[in-house]
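Read the structure below first, then the notes.
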Amino acid sequence: MTFIKTTEQSSKYEHLEKMSVQELLFNINQEDKTVPFAVEKALPQISLLVAQIVVKIQLGGRLFYIGAGTSGRLGIVDASECPPTFGVSFDLVNGIIAGGDKAIRKAVENAEDNPTQAWIDLQEHTISENDVVIGIAASGTTPYVIGGLKACNENNIITGSISCNAESPLSRTAKFPIDVVVGPEFVTGSSRMKAGTAQKLVLNMISTATMIQLGKVKGNKMVDMQLSNSKLVDRGVKMIIDEIPVTYEIGAELLAKYGSVRKAVYHFLTENK
């Protein structure tokens, strides 16, 4: 199959500068509506990758995202939200961006063009065949990401990818590729838009489905979340009183004593059999 970079094709909208604000917003929204349908077509691919991640983490492995620019930042966002949401360690899900942490805020010139740097960056985390590495690149052509996955393949590390072009070089490199083909952007080539939204949706699916499979959610509640602010403490207390017959005040005392919703409910039920 011939590789066509649809993320770089010309927008179907012309003369954007002549549109009113209302027209711009309406048309952007029309394009955004197509993204979930593109993600839906990729669900079988996403499922295969999640199954691999769950097995590896259950065996003591970790999950790594590697990317450049917007893609790298999205990986970092997803990784950083796992500990507070699911109560996992900060090194279980990791986001690595081309150019290092300074590239989170400002672009680092030529960082994404180095095909060997990603493997160097991964080695700083003592990467091994127990882990899973997902390369994220809307174009599917980023040398930093492709080079990283090639090195992982050579070292028997499971690789996945998230790209927005079908049959991209990145997809052909990954053992478990995910292709979410969203088509041309509203602003030609601005893959932070539909492609970025698609990548965020897929990352949400991967991390959330993985954590649920690992037992980090009970019913539909984040029972292992970190209680890092008053809003989350209040949410935790309400989870407790939904689960066991106690007042808000007693629920707050249990949460303060045991430090998590799961532990508070478990100890209460164990002690009140």
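The values are calculated or read from the model by the stated rules, or taken from the named source; none is laboratory data. Since this is a predicted model, take the numbers as computed values, not measurements. Reconstructed Cβ throughout: ideal geometry from the backbone, glycine too, with neighbour counts over all protein chains shown. For accessibility, only protein heavy atoms count, side chains too; no ligands or nucleic acids. Shrake-Rupley method; radii C 1.70, N 1.55, O 1.52, S 1.80 Å.
Yes or no: region 224-232 includes at least one residue that is assigned to a helix (DSSP H, G or I), touching a helix residue (DSSP H, G or I) at 6+ places or on another chain (Cβ under 9 Å) and either under 30 Å from ASP32 (Cα atoms) or of a type outside the set (Val, Ile, Thr) (or both). Yes, region 224-232 contains at least one residue that is assigned to a helix (DSSP H, G or I), touching a helix residue (DSSP H, G or I) at 6+ places or on another chain (Cβ under 9 Å) and either under 30 Å from ASP32 (Cα atoms) or of a type outside the set (Val, Ile, Thr) (or both). Pairs linking a residue in region 223-239 that is closer than 17 Å to ILE212 by Cβ to a residue that is open to solvent by less than 30 Å² (accessible area, probe 1.4 Å) and part of a loop (DSSP other than H, G, I, E, B), with Cβ atoms under 8 Å and 6 or more positions apart or on different chains, are VAL223/SER260; ASP224/VAL88; ASP224/SER260; MET225/SER260; MET239/VAL223.
Residue selection: VAL265 fails the criterion of being in contact with a Gly (Cβ under 7 Å, 6 or more places away or on another chain) and surrounded by 14 or more Cβ atoms within 10 Å (Cβ to Cβ). Residue check: is ALA107 among the hydrophobic types (A, V, I, L, M, F, W, C), open to solvent by 40 Å² or more (accessible area, probe 1.4 Å) and either free of Cβ contacts under 8 Å to residues at least 12 places away in the same chain or farther than 28 Å from VAL261 by Cα (or both)? For ALA107, the condition - among the hydrophobic types (A, V, I, L, M, F, W, C), open to solvent by 40 Å² or more (accessible area, probe 1.4 Å) and either free of Cβ contacts under 8 Å to residues at least 12 places away in the same chain or farther than 28 Å from VAL261 by Cα (or both) - is met.
Selection of region 195-223 for residues being open to solvent by 60 Å² or more (accessible area, probe 1.4 Å) and either outside any helix (DSSP H, G or I) or more than 29 Å from ILE136 (Cβ to Cβ) (or both) yields LYS218, GLY219, ASN220, LYS221.
If you go through region 148-170 and keep only what is open to solvent by less than 10 Å² (accessible area, probe 1.4 Å) and of a type in the set (Gly, Ala, Ser), you end up with GLY148, GLY160, SER161, SER163, SER168.
Within region 11-26, residues that are free of Cβ contacts under 8 Å to residues at least 60 places away in the same chain sit with their Cβ atoms under 9 Å from residues that are polar (S, T, N, Q), at 6+ positions apart or across chains, in these pairs: MET19/ASN27. Taking the listed residues VAL217, VAL223, VAL182, VAL237, the one that is of a type in the set (A, V, I, L, M, F, W, C) and in contact with a Leu (Cβ under 7 Å, 6 or more places away or on another chain) is VAL237, with no other qualifying.
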